Amino acid sequence: MDNQSFVKAWKRQVAFSLFLCSWGWVSGQLRYSIAEESHPGTVVGNVAQDLGVNLADISRRRLSFGSDGSSRLFSIEKKNGALVVHERIDRESLCGSSLSCLLHLEVVAENPLELHSLEIEILDINDNLPSFISLNQLINVTELFSSPGVTFQLETAKDLDVGKNGINEYKLNPNPYFSLLTKHRMDGTLIAELVLEKSLDREEKAEHKLILTALDGGDPPKSGTTQITVNVLDINDNAPVFDQSHYKISILENIPLNSVIIHLNATDLDDGSNGEILYSFDHHTLPSAKRTFKINSKTSEIVTIDTLDFEDSVFYELYIKATDKGSLEGRCVVKVEVEDVNDNTPEISFNSKSNEVPENAPIGTVVGFITVRDRDYGKNGDIRLSVPPGLPFTCQPMSQRYALVTSGHLDREKLSQYTIKLTASDLGSPSLSSQITISLNISDVNDNPPAFLHNVYNAFIAENNEAGRLLCTISATDPDEGSNANLIYSITDSHIHGSPISSFVYINSDTGNIYAQRSFDYEQFQLLQITARVEDSGSPKLSSNVSVFIFILDTNDNSPTILYPEYAGETVAQESIPRSAAAGYLVSKVSAVDIDSGHNAWLLYSLVQSASPALFRISEYSGEVRTLRGLHETDNTEHRLVIAIRDHGEPSMTTTTTIIVNILDDIAQESPKSQDFLTNAKSTPDLTLYLIVSLVAISAVFLVTFTILLVRCLRKNYDSGCGFCFSDKSLSTTYMDQYKPTLYLNTDGTLKYMEVRMAPPEAPGSCYPACFPPATDIPNVTLTNLLNGPITDVVEHTNPSSDSSLLNETNQVRC
């Protein structure tokens, strides 16, 4: 049969095999057949179609072979999933003389990960001729023992092909003396024996030449020949005879080299050289047996000359020939059975297309496939596979392999890599084991939102700042990695008094720095509350919010405003007192306010210009102008007083006013009261009322806001508490100088002296954790003191005096 007709027959066989292997597909195993010597590119079958993979999904599933060495002979086409021949296939080099030639491959499909078994049977074609080792075989026979029916062993022909393409028939050329007898050995090999049909007579014919032909079962058959020469000898009465015609022994596969496995014995009744026996292997002994065993030609001891392996061969047939000097032969067969011992450690292989597992993989996710094999037999080949305890992975048995699957939840932030030591142990005695180490990386998914370092941020900035000034830096962390940890900062949209928050501040999306967009005015805003947002770049995006409080600190940018006496253009205030006024007479009361806060709003009154400095004085704190002595007749009737009102700011700001005091003789003697001056100022109610209402309202709002903030901060843990930020290092000197001893009235009527000490800021944009004692411990701490910096010391004094002993520190509360 030519190659083309064979391929057609092979195609019919492939179709029939696929039909019969439908059960194998259900079990996850495919089987194909292909003839040897098929040309590269020959289609074996369509793996994708047989696995149920749609044509549109072939590129996504990425079908490929595992790590088996036989996979080099085949390839899977990416466009249609067809299994094709890649290299020349020679069945004889792959499987030798074995009747069945099966290649076991593994097909890996991804997305999801699957492993399928694939068997490819290599079919034999008749591409080898039968051949004999010897082209000329010599047989010596004596005429005395040449009775009809005597048989002679002949050399067996070899054919690398198997099955019907192997040796199928022997033929002998026709002759009147000999015929041919064929039979099969235990391994199925066909052997031939020469049978004597007619007695030989040396004097009639001393030599017979025969032609032995071996034919295989191919179509057409191929053949090989050898010549047989039969020499007729003179009489040698007796041939050697073995004690038994068949021997059977069992040996362990780990028997040492040069061990004697049997001692044979053959006897020859002849004397002299005709009775001397030599032992040897005859032609029927396979070369593999001759490489493993050796027979001593004189002693007949058979010893091992090569290591035995139960996994390679479980038995040997040794055909022994005993020949005397007269060329007579005796034969026997020694059957050697090899017994298995536990001498092979289990073999482990791990197959996976990726060494990464996503941390959100559900329980039962297949990570890879494990193939274990032990070449031993019985219990020696039974394997148990174990995974170290405490790992979120387990091995699930499958057909001929195991699947490594997740058995617990994974968290990359806790452990980003697992090192798994798989141990395979057989059940032999003693048990043998082997290990394989698998490293699996846990890939990140965006399962953690960003977290700010503080629960709330506080920033402090003096008013009249320049635009672009750094207010505060917010910072967040994300335990994820890669783009899942790439943080973007922003400010949520909101409005303050109708203006968008973006007109007040902006934030650097990369660094979290918050900057002022404009110059702030303390008298307009004391507190800006914004919500900052941080978002990662994962999918889906996760975010967190945090509140940022920006406190506007007062600077001395407003001069005191005089409420009384009212100033109207070029008119100078006039006051009249009787000449009879005594010392301490209330001449007038200067009233002023400063819309700044704290020390910047504390006012001091002073008399800067007077023609009679010994006649009038002004109270430094109340602004009351009184006489120092009684008036004399010689005193002028008009006195011009220039009064300065100065605040405590740095630098301080001053406002002056002028009062003309007229001394009259007939003015009523009733002494005016301080509130009368304010009553007289009702002629300009708008300015006074608006200033007072505005100041009270601003102070009340700021007090409520800051009290709420203070209570929130006190409730937080110190480590994750408020972060205080100062935008300007100059605040350290400006506000450090502004704390002064202050007197307060207790509820029981006693005076209490409170001193609040402020720590200077360290650097622009720096943040400081703040710590406050409970509000009940410092009931009289003013807002101005709290705004000037983080509190370091609060010193409380009861019943203070006016001397320097007020500075002695008692009842300290330290943060």
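Summary table
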item: Any hit, segment 12-34, residues being in a helix (DSSP H, G or I), within 40 Å of the chain's Cα centre (by Cα) and either modelled with pLDDT of 90 or more or crowded, with 18+ Cβ neighbours inside 10 Å (or both); result: no
item: Only one of S439, S386, S425, S433 that is of a type outside the set (D, E, K, R), under 21 Å from N344 (Cβ atoms), in contact (Cβ under 8 Å) with a residue 60 or more places away in the chain and surrounded by fewer than 16 Cβ atoms within 10 Å (Cβ to Cβ); result: S433
item: Cβ pairs under 7 Å, 6+ apart, first in segment 504-524 and closer than 15 Å to E535 by Cα, second among the small types (G, A, S) and open to solvent by 30 Å² or more (accessible area, probe 1.4 Å); result: I507/S490; S509/S490; G512/S475
item: Residue, nearest to R88 (Cα to Cα), within segment 66-76, restricted to residues that are modelled with pLDDT of 85 or more and not in a helix (DSSP H, G or I); result: F74
item: Test: residue in segment 309-316 that is farther than 30 Å from L385 by Cα and among the charged types (D, E, K, R); result: no
item: Some residue of segment 353-370 being open to solvent by 30 Å² or more (accessible area, probe 1.4 Å) and more than 30 Å from D444 (Cβ to Cβ); result: no
item: Test: residue in segment 269-282 that is open to solvent by 20 Å² or more (accessible area, probe 1.4 Å), small (G, A, S), under 26 Å from S131 (Cα atoms) and at pLDDT below 90; result: no
item: The lone exception for E566 - which of (1) open to solvent by 40 Å² or more (accessible area, probe 1.4 Å); (2) more than 30 Å from S699 (Cβ to Cβ); (3) more than 60 Å from the chain's Cα centre (by Cα) it fails; result: (2)
item: Test: N441 is more than 30 Å from D382 (Cα to Cα), in a loop (DSSP other than H, G, I, E, B) and in contact with a strand residue (DSSP E or B) (Cβ under 7 Å, 6 or more places away or on another chain); result: no
item: Residue within segment 511-521 that is open to solvent by less than 20 Å² (accessible area, probe 1.4 Å) and within 30 Å of R412 (Cβ to Cβ) present; result: yes
item: Index of the failed condition, A573 passing every other in (1) farther than 14 Å from A459 by Cα; (2) at pLDDT 90 or above; (3) crowded, with 17+ Cβ neighbours inside 10 Å; result: (2)
item: Whichever residue in segment 142-165 is open to solvent by less than 10 Å² (accessible area, probe 1.4 Å) and aliphatic (A, V, I, L, M) and, among such residues, is nearest to the chain's Cα centre (by Cα); result: A157
item: Check on I255, surrounded by 12 or more Cβ atoms within 10 Å (Cβ to Cβ) and in contact with a Ser or Thr (Cβ under 8 Å, 6 or more places away or on another chain); result: yes
item: The one condition in (1) over 30 Å from A109 (Cβ atoms); (2) surrounded by fewer than 19 Cβ atoms within 10 Å (Cβ to Cβ); (3) free of Cβ contacts under 8 Å to residues at least 60 places away in the same chain; (4) touching a Ser or Thr at 6+ places or on another chain (Cβ under 8 Å) that L318 fails to fulfil; result: (2)
item: Members of segment 605-630 found to be of a type in the set (S, T, Y), out of contact with any Gly (no Cβ under 9 Å at 6 or more places or on another chain) and buried (at least 17 other Cβ atoms within 10 Å of the Cβ), listed by number; result: S610
item: Residue in segment 102-119 that is buried (at least 16 other Cβ atoms within 10 Å of the Cβ) and more than 43 Å from the chain's Cα centre (by Cα) present; result: no
item: Scan of segment 467-484 for residues that are open to solvent by 30 Å² or more (accessible area, probe 1.4 Å) and farther than 16 Å from Y515 by Cβ, ordered by number; result: T477, P479, E481, G482, S483
item: Pair list, Cβ < 7 Å and 6+ apart or interchain, from segment 89-107 residues that are under 23 Å from F350 (Cβ atoms) to residues that are modelled with pLDDT of 85 or more and assigned to a loop (DSSP other than H, G, I, E, B); result: V107/L63
item: Counted residues, segment 490-501 - those being under 13 Å from A532 (Cβ atoms) and open to solvent by 70 Å² or more (accessible area, probe 1.4 Å); result: 1
item: Hits in segment 174-219 (condition: in contact (Cβ under 8 Å) with a residue 12 or more places away in the chain, open to solvent by 90 Å² or more (accessible area, probe 1.4 Å) and within 24 Å of Y319 (Cα to Cα)); result: M186
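Per-residue answers, yes or no, for (1) open to solvent by 40 Å² or more (accessible area, probe 1.4 Å); (2) over 30 Å from D312 (Cβ atoms):
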residue	(1), (2)
H39	yes, yes
N54	yes, yes
R61	no, yes
K78	yes, yes
I89	no, no
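The values are calculated or read from the model by the stated rules, or taken from the named source; none is laboratory data. Not measured: the values here are computed from a predicted model. Here Cβ is always computed from backbone atoms with ideal geometry, including for glycine, and neighbour counts include all displayed protein chains. Remember, those area values only see protein heavy atoms, side chains included, never the ligands or the DNA or RNA. Shrake-Rupley method; radii C 1.70, N 1.55, O 1.52, S 1.80 Å.
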